[in-house]
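Accompanying notes for the structure given below.
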Amino acid sequence: PVSKTDIVTDQAPPLWEAGYPAAEAEQYYKLKISLRTNKDGKIYLVCLKPGDAAPSATQIKAGLNASGAPIIDRYRASLDFTAAAGTLEHIFSGLENNSEYAIYAVAEDFYENLQAQPAATRVKTLDNPSPA
């Protein structure tokens, strides 16, 4: 069990492990993001077009864009993370072919220490040209 002393002393948010988050395009309409932090907790994600303004950490946690509007379910995620389990992966699907996206990630530990600055990763879906 967590004691009150633990809650008071742990005021540091999780940190991303070196090289994370990392995103890649594996299929035409899908992007995969790999995540790893130094602490157990939750990771919140949103996937936006790069022209959209960057949301804040609290907006990402709430599943909102920078304007405060809700992001549709397939473009956001809330994932439980255990540091000892290693890398966590999430796939965004139903995306546009041959299009760039910005994936924003923010992590929070079980003491509600939310990262102040979201991590941003840009990646482009694969091109699936029409047959000639």
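The values are calculated or read from the model by the stated rules, or taken from the named source; none is laboratory data. Computed from a prediction, not measured in an experiment: that's the story for all the values here. When we count neighbours, we look across all protein chains shown, and the Cβ atoms used for this are built from the backbone with ideal geometry, even at glycine.
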Scanning region 35-55 for residues that are buried (at least 16 other Cβ atoms within 10 Å of the Cβ), within 24 Å of F110 (Cβ to Cβ) and not aliphatic (A, V, I, L, M) gives R36, T37, K39, G41, K42, Y44, P55
Condition set farther than 22 Å from E112 by Cα and of a type outside the set (A, V, I, L, M, F, W, C), scope region 45-69, selection modelled with the highest pLDDT: answer is S67
Every listed condition ((1) free of Cβ contacts under 8 Å to residues at least 40 places away in the same chain; (2) surrounded by fewer than 17 Cβ atoms within 10 Å (Cβ to Cβ); (3) not aromatic (F, W, Y)) holds for Q117 save (1)
